[in-house]
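*Asks:* One structure, as structure tokens, below. Some questions next.
The values are calculated or read from the model by the stated rules, or taken from the named source; none is laboratory data. All of these numbers come straight from a predicted model, not from anything done at the bench. Note: ideal-geometry Cβ built from the backbone for every residue, glycine included; neighbour counts use all protein chains shown. The protein model used for the area step is the full one, side chains on, heavy atoms only, and it has no ligands, DNA or RNA in it. Shrake-Rupley method; radii C 1.70, N 1.55, O 1.52, S 1.80 Å.
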Amino acid sequence: MVHYKTFGNGIRLIVKQMQGLMSVSMGIIVHTGAAVESDAEDGISHFIEHMMFKGTKKRTSFQISDEMDAIGAQMNAFTSKDITCYYAKSTTAHAKEAFEILSDLFLNSVFPEEEMTREKGVIIEEINMNDDTPDDLCLDLLSKAFYGERGYGRNILGTRQNVSGFTFDDVKNYMAKRYVPENIVISMAGNIDIKLAEELAEKYFSGVAYAPANNSPVIVNLAGKSLFRKKEIEQIHVGLAFPSVKRYDPLFDATQILNAVLGGSMSSRLFQKVREELGLAYTVYSYVSPYTETGSLIVYAGVNAGNYLKSVDAVFDCISDIKNKNVSKEEFMRGKEQLNSSSVFAQESTSSQMLLYGKELIYSGRVYDFEERVKKIASVTLDDVLAAVDCNFDRDGLASAVIGNLDKPLEF
């Protein structure tokens, strides 16, 4: 059973009741992230996410963690390019306590100055860790190569300089713009009584003052660059980004199936050719990265430095064959089953359902419909997938990023 309600101040509640389980996942999702930040705000969405755990009007940072642990609950958060999510998972018996703590953290954080100073150091170490993780660094650099310095090209962590300089006023001003009721969805999934879920949301969130959301589309200017960063490491990390379909494009599902054929699994073209047949890479895969305004199809490989260009040629060979629309019925059916099963598997996870229903409301304003989703996947034909080939692999918008012991970007 799915229950949906919009409160008078604009905050929305979505509940996916999953009877027979013994737990519930609860999330507070805000429609904000790195893509909507200005240059001066670069990194502030992620900084606020960290600071929310550093004390409220009635709890210290330790008390937040200690009280969650005392009821056996889990709590965390994440920031992406377009959403920030604070979430908890508890047994059904402790749902009230877990949601109260989560709500207190979200609504009543006080951002102590000494904690802000300390957390800036923590985030700078996170930036350093990212710089020491070449696959993450490669994909971050690829976003910049594809989208440019702003919008979806921004690094979620921000810059060391910005993080070091954030003030209490910066935090409050940003939250006043973005953490507004029309940007907030409360999502719950699991074994929770619908009436209780509504009572909890109303108790803690009905008093939040109305403020309109100003969600202008993210400006997209595809950069189509080739970037590199020299690091004295053993492997070369290669990323390619092609223009692709946006989130609700009619050919989105067909593109997902196309990606499964290319590099979405161990039976895919990239895995079988580049790794299994030629032995050129340990890790090679592809995925679709959709947003409301645009999208990309990403290929990533970590390869031996001596076989770097040979590996890139092998990747392009796989892509060229697909561009010629050489996709078999068997590959199509296999990719279709993978897409269908991923939707089915998500139905069995309270965390996945909480995010799925919450994000659908954020992005489209609609309630996610599983039966409709299954029907849409079932309706995709091989001809649709072949049509999706024409929406992907455009060399004019191609961007690349390489990390490793080299002195120039990838040249096409």
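*Asks:* If we keep just the residues of the range 179-210 that are open to solvent by less than 10 Å² (accessible area, probe 1.4 Å) and β-branched (Val, Ile, Thr), which is farthest from Asp82 (Cα to Cα)?
*Replies:* Per the stated criteria, the residue is Ile192.
*Asks:* A further question on this structure: Here is a list of conditions, (1) under 17 Å from Ser65 (Cα atoms); (2) touching a Phe, Trp or Tyr at 6+ places or on another chain (Cβ under 7 Å); (3) in a helix (DSSP H, G or I); (4) open to solvent by less than 10 Å² (accessible area, probe 1.4 Å), and Ile101 meets all of them except one; can you say which number that is?
*Replies:* Checking Ile101 against (1) under 17 Å from Ser65 (Cα atoms); (2) touching a Phe, Trp or Tyr at 6+ places or on another chain (Cβ under 7 Å); (3) in a helix (DSSP H, G or I); (4) open to solvent by less than 10 Å² (accessible area, probe 1.4 Å), the one that fails is (2).
*Asks:* Filter the range 392-412 for residues that are assigned to a loop (DSSP other than H, G, I, E, B), under 26 Å from the mean Cα position of the chain (by Cα) and of a type outside the set (D, E, K, R); which is surrounded by the fewest Cβ atoms within 10 Å (Cβ to Cβ)? Lay out the reasoning, then the answer.
*Replies:* Residues of the range 392-412 that are assigned to a loop (DSSP other than H, G, I, E, B), as a first pass: 392-394, 398, 405-412.
Then keep just the ones that are under 26 Å from the mean Cα position of the chain (by Cα); that gives 392-394, 398.
If we keep only those that are of a type outside the set (D, E, K, R) too, we end up with 392-393, 398.
On the way: Asn392: 23, Phe393: 21, Leu398: 19.
The selected residue is Leu398.
*Asks:* Here is a list of conditions, (1) in contact with a strand residue (DSSP E or B) (Cβ under 8 Å, 6 or more places away or on another chain); (2) under 30 Å from Tyr291 (Cβ atoms), and Thr56 meets all of them except one; can you say which number that is?
*Replies:* The single condition Thr56 does not satisfy is (2).
*Asks:* Another question, if that's okay. From the residues in the range 15-29 that are closer than 15 Å to Leu200 by Cα and of a type in the set (Gly, Ala, Ser), which one is surrounded by the most Cβ atoms within 10 Å (Cβ to Cβ)?
*Replies:* Ser25
*Asks:* OK, next. Can you confirm whether Phe99 is of a type in the set (Phe, Trp, Tyr) and over 30 Å from Asp140 (Cβ atoms)?
*Replies:* Numbers: of a type in the set (Phe, Trp, Tyr): yes; over 30 Å from Asp140 (Cβ atoms): yes.
It is true that Phe99 is of a type in the set (Phe, Trp, Tyr) and over 30 Å from Asp140 (Cβ atoms).
*Asks:* Let me ask something else about it. I'm checking my understanding of the structure. Among residues of the range 374-391 that are open to solvent by less than 40 Å² (accessible area, probe 1.4 Å) and farther than 22 Å from Cys318 by Cα, which one is farthest from the chain's Cα centre (by Cα)?
*Replies:* Top of the filtered list is Val380.
*Asks:* Of all residues in the range 246-275, how many are open to solvent by 10 Å² or more (accessible area, probe 1.4 Å), within 27 Å of Lys144 (Cβ to Cβ) and outside any helix (DSSP H, G or I)?
*Replies:* Total meeting the criteria: 6.
*Asks:* Residues of the range 109-133 being in a helix (DSSP H, G or I), open to solvent by less than 30 Å² (accessible area, probe 1.4 Å) and not charged (D, E, K, R), which ones? Explain how you work it out, then say what you get.
*Replies:* Our first condition is that a residue be in a helix (DSSP H, G or I); within the range 109-133, this holds for 113-131.
Then drop every residue that is not open to solvent by less than 30 Å² (accessible area, probe 1.4 Å), which leaves 116, 119, 123, 127, 130-131.
Result: Met116, Ile123, Ile127, Asn130.
*Asks:* For the range 61-105, which residues satisfy the criterion of being under 17 Å from Phe47 (Cβ atoms) and hydrophobic (A, V, I, L, M, F, W, C)?
*Replies:* Those that are under 17 Å from Phe47 (Cβ atoms) and hydrophobic (A, V, I, L, M, F, W, C): Ala77, Phe78, Ile83, Cys85, Leu105.
*Asks:* Also, I was wondering about something else. Regarding Ala223, is this residue in contact (Cβ under 8 Å) with a residue 40 or more places away in the chain, under 24 Å from Leu406 (Cα atoms), assigned to a loop (DSSP other than H, G, I, E, B) and open to solvent by less than 50 Å² (accessible area, probe 1.4 Å)? Walk me through it before giving the result.
*Replies:* Values: in contact (Cβ under 8 Å) with a residue 40 or more places away in the chain: yes; under 24 Å from Leu406 (Cα atoms): yes; assigned to a loop (DSSP other than H, G, I, E, B): yes; open to solvent by less than 50 Å² (accessible area, probe 1.4 Å): yes.
When the stated conditions are applied, Ala223 passes them.
*Asks:* So which residues in the range 38-60 are farther than 26 Å from Met188 by Cβ and open to solvent by 10 Å² or more (accessible area, probe 1.4 Å)?
*Replies:* Going residue by residue through the range 38-60, those that are farther than 26 Å from Met188 by Cβ are 38-44, 47, 60.
Correct list: Ser38, Asp39, Ala40, Glu41, Asp42, Thr60.
*Asks:* Among the candidates Tyr363, Tyr291, Tyr357, which residue alone is in contact with a Phe, Trp or Tyr (Cβ under 7 Å, 6 or more places away or on another chain), touching a residue at least 12 places away in the same chain (Cβ under 8 Å) and more than 30 Å from Glu411 (Cβ to Cβ)? Before the answer, list the steps.
*Replies:* Working: Tyr363 fails: in contact with a Phe, Trp or Tyr (Cβ under 7 Å, 6 or more places away or on another chain); Tyr291 fails: more than 30 Å from Glu411 (Cβ to Cβ).
Of the residues listed, the single one that is in contact with a Phe, Trp or Tyr (Cβ under 7 Å, 6 or more places away or on another chain), touching a residue at least 12 places away in the same chain (Cβ under 8 Å) and more than 30 Å from Glu411 (Cβ to Cβ) is Tyr357.
*Asks:* Among the residues of the range 317-335 satisfying the criterion of being of a type in the set (D, E, K, R) and assigned to a helix (DSSP H, G or I), which is surrounded by the fewest Cβ atoms within 10 Å (Cβ to Cβ)?
*Replies:* Going through the range 317-335, the residues of a type in the set (D, E, K, R) turn out to be 317, 321, 323, 325, 329-331, 334.
Then drop every residue that is not assigned to a helix (DSSP H, G or I), which leaves 317, 321, 323, 329-331, 334.
On the way: Asp317: 14, Asp321: 14, Lys323: 15, Lys329: 8, Glu330: 10, Glu331: 21, Arg334: 17.
Filtering the range 317-335 for residues that are of a type in the set (D, E, K, R) and assigned to a helix (DSSP H, G or I), the one surrounded by the fewest Cβ atoms within 10 Å (Cβ to Cβ) comes out as Lys329.
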